[in-house]
Every structure is written in C-alpha cells, then in structure tokens.
Amino acid sequence: MSDIINVDYREKIPNNVNLTEDRRVLKALEGWHPGYINWWNDMGPEGFQEALVYLRTAVSVDPKGWAKFDYVKMPDYRWGILLAPSEDNRTIPFGEHFGEPVWQEVPGEHRAMIRRLIVIQGDTEPASVEQQRHLGKTAPSLYDMRNLFQINVEEGRHLWAMVYLLHKYFGRDGRDEAEELLRRRSGSADSPRMLGAFNEKTPDWLSLFMFTFFTDRDGKMQLESLAQSGFDPLSRTCRFMLTEEAHHMFVGETGIGRIVQRTCEAMKAAGVDDAHNIDQVRKLGVIDLPTIQKKLNLHYSLSLDLFGSEVSTNAANAFNASVKGRFRETSIDDDHRLKNDIYPVLKLVKGEIKRVNEPALTAINMRLRDDYTRDCAKGIERFNKIIERTDVDFRLALPHVAFHRDIGEFKDVQATPAGKLIDDATWASDKDQWLPSTSDGAFIASLMKPMAEPGQFASWISPPKVGIDNRPGDFEYVKIAA
Ligand code: BYC
C-alpha cells in the first residue's frame with residue numbers, strides 16, 4: 001500500500017488511512033462519532049462553542065506543509081485520523097524482537113499490553129479538555145484563548161487517534177474501551193480518569209501554562225517511547241501526534257516566560273527589588289515569583305507521577321516485548337535488549353535517599369523520567385535567563401524528585417523541595433511554603449479577568465513576541481459574538 005500524505009477532507013471523517021475502503025472500521029467510527037460530539041458539547045470549552053476560532057487544521061502529514069488556518073466553530077472542527085508516513089523496511093528497534101520487521105497487526109501474545117497502553121494514552125486526551133473547559137472565560141487575551149482552543153481540539157483529535165487504533169485492531173473489546181473513554185470524567189468520584197494528574201483541577205491560566213509545560217512534556221516523552229513501538233500503526237500515530245504536541249509545549253513555555261517577564265518588568269518599573277516581598281509585588285497586579293515557583297513545584301511533582309514506579313515490571317515487560325521503547329531509542333548506543341545492563345535509580349534505603357544500581361530493564365520508567373527531568377531543566381534555565389536579563393535577584397528551580405509524590409519510591413515519605421526528608425507534622429505545618437495555598441489561589445483567581453478585545457492583554461502577562469500564523473498583535477483570533 002502506498003503512503004497517503006494528503007488528508008482526504010471530502011469524507012465525513014478526514015483521514016489518510018483509506019477509511020472508505022475499510023467499511024467495518026468506518027462504520028464503527030461513524031457509530032462512535034455522535035457520542036464524541038455529545039461529549040465535546042458537554043465537556044468541551046464552556047461558553048465558546050459558537051465562537052469563530054482561528055484554528056489550524058492538518059491537511060497533510062508532510063512536515064513541510066500540513067497546516068491550514070481558518071475561522072472555525074469548534075464543534076465543526078474536522079477531527080481526523082492521521083498517521084505519519086510509514087518508513088520503508090522499518091525494523092523493530094529494541095526488545096526481544098529487535099531487528100525483526102515491524103508488525104502491521106497486533107501480535108496475539110502482546111494484545112492486552114498494547115491495548116492497555118493505548119487506552120491509558122487515549123484517556124489522558126479528553127481528560128485535559130475536561131480540566132480546561134472553563135478557562136476560556138478568563139483568557140488573558142484573544143491570542144491566548146485561541147491557543148487554548150487549538151490545544152483542546154487537538155487533544156480531541158488525539159482521542160480520535162487512539163480510538164481508531166482500538167476500533168481497527170481490537171474488535172469488540174476495542175469498541176467497548178472506546179465507549180469507556182467517553183464515559184469517564186476528570187475528577188469524577190465514580191468514574192475518574194485513569195492517571196492522577198488528569199483528575200486535578202486546572203483552576204487558572206498559570207496552572208494551564210504549567211500543565212502544558214510539564215504534563216504535555218510527559219505526553220511528549222510517552223509518545224516518543226510509544227513511537228518506537230514494534231506495532232507500526234501505533235508508532236505512526238504517535239509520530240504524527242508529536243508534531244501537534246510541540247505546539248502545546250510552546251504554549252506552556254512561552255506562557256510561563258511571558259508571565260515571568262511581566263512580573264520582573266513590573267518590579268523593575270516600580271523599584272521593587274525584593275522578589276520575596278510578595279505583598280509589594282502583588283500590589284503591582286502581577287504574580288510574584290515565589291508563587292510561580294510553588295505552582296511549578298506542584299505541576300512538576302504531579303507530572304513525575306505519570307512515569308509510574310521507578311522500578312517497574314510492567315515497563316520491563318513492555319520493553320522486552322518490543323512494545324514500548326526508550327526516548328530516542330534508535331540513537332542510544334547499546335544492544336537495545338538490556339539483558340545485562342544496569343541503571344542508577346534513586347531509592348529510599350533505610351530512611352535515606354540513595355542511588356542504587358538496578359537492572360536497566362526494570363528501570364525503564366526511571367530512565368524516561370530522567371530524560372524528562374533534563375528536558376524540563378533546560379526550560380527552567382530559559383526562564384532564569386529572562387529573570388537575569390531584568391536584573392531581578394531570583395532563580396526558579398525544579399524541586400527534588402522525592403517532593404510531593406503519590407507514585408513510586410517516595411510515595412510514603414515527605415520531603416522538602418531540596419530533598420530533605422521530613423516528618424508528617426513538619427510537612428503539614430510547612431507545605432504552604434512549597435505548594436500553592438488557598439490564599440495564593442485566591443490571589444491568582446483575582447487576576448483572572450477576561451480580556452476580550454483584539455490586542456488587549458491582562459496586566460500579569462506580556463504580549464507574545466510574534467502572533468500565530470504571523471498575524472499582527474491586534475488580530476481577532478476569536479470572534480466571540482459569532
Ligand atoms: N496514576 O509499574 P507501574 C499525555 C498504576 S500524558 C494512577 O508503577 P507502569 C497528555 C499502573 O497503571 C502521557 N495509576 O507503572 C498530556 C499500574 O496499575 P495496574 C499519557 C498509576 O505501568 C497532556 C500500577 O500503578 N501516556 O499524553 O510501568 C495533555 C503499577 O504500575 C500511575 C502514557 O502514560 C499514575 N500516575 O507505568 C493531554 C503512556 N502510575 O496495571 C495528554 C501509556 C502507575 O497494575 N502509559 N499507575 O492496575 C504507560 O506507559 C504506563 O502505564 C505508565 C505507568 C507510565 C502510566
């Protein structure tokens with residue numbers, strides 16, 4: 001079968017997988033579609049379903065020319081099934097099937113494992129839309145509002161991507177899982193989303209930017225690992241999703257950067273030198289840097305939990321089975337089987353945090369998390385450069401991996417952001433210094449006033465350097481009263 005680079009938009013479900021000739025899957029997806037639209041109408045961006053949003057739609061999976069921008073009402077967005085082109089003669093890059101041709105069908109012995117990974121991935125996508133659904137109402141500008149909605153429709157598309165795999169390759173149980181993906185709800189007591197961070201609230205725009213910086217970056221790492229998969233349709237799906245994920249992280253990184261910039265500039269203009277004088281800084285109508293640090297602590301620690309336990313037989317089995325690889329697997333210089341390798345893991349040993357060598361195969365999650373931490377740290381340094389350029393004396397930092405954890409080695413202990421183990425009483429009395437407190441939340445909430453005129457920006461965030469699709473600063477990214 002030749003590769004289809006361009007996406008067929010004449011179809012009800014745009015796709016580059018030849019759906020018209022795959023009657024069974026087409027029918028299954030057409031059956032799922034109304035439930036999806038109901039979900040979008042119930043759980044998608046609240047209050048803006050009729051607005052015209054300047055959105056990007058993928059028209060081709062060719063990296064050079066795949067975007068088309070236009071005003072679209074979100075429920076009319078063309079959610080489609082898009083896979084990256086298949087690579088000629090691709091072979092499995094790791095695990096016990098290393099070097100064999102990739103699979104075009106699901107191998108029976110790995111069926112349950114692959115389905116589980118697809119379901120977990122699929123579950124996060126609608127969860128994030130649910131978490132962010134109320135944020136349109138407090139957008140700091142039309143530019144930011146448009147970026148939020150772009151992310152939301154793309155998360156919707158990522159759900160479609162996983163649902164396609166379930167319908168195409170998993171028969172009846174795939175169909176049942178696809179229904180369940182529309183039934184669970186973020187934060188619900190009865191049927192919550194599967195992973196912790198996706199049941200948390202995203203109460204304000206600083207949280208949104210932290211989420212897209214930290215949690216979408218976990219998405220990038222997980223998608224990169226799944227893109228290595230021996231199951232080629234999963235690999236190709238994830239490869240295309242990664243191109244969209246990049247924009248989500250861009251929104252997070254530039255969002256935090258613009259907030260930091262604005263805070264530092266306002267401090268300088270008012271002659272406030274002490275970044276820790278929170279009251280003085282807050283009076284300027286900007287978010288003080290210590291509170292930004294607290295939000296960072298929260299979202300980084302929640303996102304670390306998404307990597308699972310440091311030492312995990314699930315992860316070892318998935319690697320061994322050639323189902324889920326490592327970050328940039330093909331550029332790692334080793335045997336890609338990890339039969340005799342070791343990897344250092346941070347563990348709790350007799351009440352102390354120590355580095356312990358573990359079989360590299362069971363330490364796959366730890367390795368991915370380390371790659372993630374390095375990626376996050378680079379971003380934090382870029383924020384520190386912004387602060388340095390304004391001469392404000394403050395540095396942002398990632399907290400220790402033992403801080404505020406619910407999964408893995410450190411879930412039963414308490415630690416400070418510096419990594420000092422503390423007892424429960426100290427944690428209870430001091431945690432408001434490290435995590436956003438109720439009053440921090442109330443202060444940030446007081447700043448969340450919508451800015452709905454083109455070119456207008458809230459007091460606490462700098463305008464972006466360039467517009468989306470090179471549009472000018474006062475471009476009307478969202479026509480609200482459509
Ligand atoms: N919360 O061996 P363990 C994204 C469970 S984000 C709740 O420690 P494993 C996006 C685990 O399920 C990326 N439960 O971990 C971003 C297992 O339960 P069972 C999403 C958890 O399996 C922003 C047990 O604990 N994609 O795309 O090696 C916006 C022991 O598991 C958690 C993926 O995650 C948790 N945090 O690794 C939109 C990729 N952690 O089965 C989208 C697919 C562990 O014993 N998922 N458990 O009942 C995976 O690769 C792995 O399942 C995990 C866990 C990394 C999640």
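Since every read-out is calculated from the coordinates, none of them should be taken as a lab result. Quick caveat, the model's predicted, so the values are computed rather than measured. Quick reminder, even Gly has a Cβ in these numbers, built from the backbone with ideal geometry, and neighbours come from all protein chains shown.
Annotation: of all residues in the range 136-184 being among the acidic types (Asp, Glu) and within 13 Å of the ligand (Cβ to nearest atom), the one that is surrounded by the most Cβ atoms within 10 Å (Cβ to Cβ) is Glu155.
For the range 292-335, a tally of residues being without any contact (Cβ under 8 Å) to a residue 12 or more places away in the chain, in a helix (DSSP H, G or I) and away from the ligand (no atom under 16 Å from the Cβ) returns 1.
Looking only at residues of the range 187-206 that are within 13 Å of the ligand (Cβ to nearest atom), touching a residue at least 60 places away in the same chain (Cβ under 8 Å) and of a type outside the set (Phe, Trp, Tyr), we find that the one that is surrounded by the fewest Cβ atoms within 10 Å (Cβ to Cβ) is Gly196.
When every residue of the range 341-357 is checked against the conditions, none turns out to be part of a loop (DSSP other than H, G, I, E, B) and surrounded by 22 or more Cβ atoms within 10 Å (Cβ to Cβ).
With respect to the conditions (1) in contact (Cβ under 8 Å) with a residue 40 or more places away in the chain; (2) more than 14 Å from the ligand (Cβ to nearest atom), Ala269 falls short on a single one, namely (1). Could you check the range 65-104 and list, in sequence order, the residues that are farther than 30 Å from Met145 by Cα and either in contact with a Phe, Trp or Tyr (Cβ under 6 Å, 6 or more places away or on another chain) or among the aliphatic types (A, V, I, L, M) (or both)? Within the range 65-104, Ile92, Gly95, Val102, Trp103 meet the criteria.
Residue under question is Glu253, and the condition is that it be part of a helix (DSSP H, G or I), within 11 Å of the ligand (Cβ to nearest atom) and not polar (S, T, N, Q); does it hold?
Details: part of a helix (DSSP H, G or I): yes; within 11 Å of the ligand (Cβ to nearest atom): no; not polar (S, T, N, Q): yes.
No; evaluated as a whole, the condition is false for this residue.
Every residue in the range 121-135 that is under 13 Å from Leu234 (Cα atoms) and either within 7 Å of the ligand (Cβ to nearest atom) or touching a Gly at 6+ places or on another chain (Cβ under 9 Å) (or both), please. Can you show your working first?
Step one: filter the range 121-135 for residues under 13 Å from Leu234 (Cα atoms), giving 121-122.
Correct list: Gln121 only.
Against the condition in a helix (DSSP H, G or I) and more than 10 Å from the ligand (Cβ to nearest atom), how does Arg217 come out, does it pass? No; evaluated as a whole, the condition is false for this residue. Being crowded, with 16+ Cβ neighbours inside 10 Å and within 25 Å of the chain's Cα centre (by Cα) holds for only one residue in Ser462, Ser437, and it is Ser462. Among residues of the range 441-462 that are in contact (Cβ under 8 Å) with a residue 40 or more places away in the chain, those with a Cβ under 7 angstrom from a residue that is surrounded by fewer than 16 Cβ atoms within 10 Å (Cβ to Cβ) and assigned to a helix (DSSP H, G or I), sequence gap 6+ or separate chain, pair up as Pro450/Lys137.
Find the residue count for the range 68-117, including only residues that are assigned to a strand (DSSP E or B) and closer than 29 Å to Glu180 by Cα.
Step one: of the range 68-117, the residues assigned to a strand (DSSP E or B) are 68-73, 81, 91, 101, 103.
If we keep only those that are closer than 29 Å to Glu180 by Cα too, we end up with 72-73, 81, 103.
Residues meeting the conditions: 4.
Exactly one residue out of Leu338, Leu346 is away from the ligand (no atom under 12 Å from the Cβ) and at positive phi: that is Leu338. When Ile480 is tested against (1) touching a residue at least 12 places away in the same chain (Cβ under 8 Å); (2) under 30 Å from Asn365 (Cα atoms); (3) not charged (D, E, K, R), exactly one condition is not met: (2).
The rows are residues; the columns are (1) surrounded by 18 or more Cβ atoms within 10 Å (Cβ to Cβ); (2) more than 21 Å from Ala445 (Cα to Cα).
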| residue | (1), (2) |
| --- | --- |
| Glu244 | yes, yes |
| Gly252 | yes, no |
| Ile256 | yes, no |
| Lys268 | no, yes |
| Asp274 | no, yes |
| Val281 | yes, no |
| Leu284 | yes, no |
| Thr291 | yes, no |
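Under the condition of being among the polar types (S, T, N, Q) and within 19 Å of Tyr143 (Cα to Cα), which residue from the range 203-227 is farthest from the chain's Cα centre (by Cα)? Spell out the reasoning first.
If we filter the range 203-227 for residues that are among the polar types (S, T, N, Q), which is where we start, we get 207, 212, 215, 222, 225.
Narrowing further to those that are within 19 Å of Tyr143 (Cα to Cα): 207, 212.
Details: Ser207: 13, Thr212: 6 Å.
Selected residue: Ser207.
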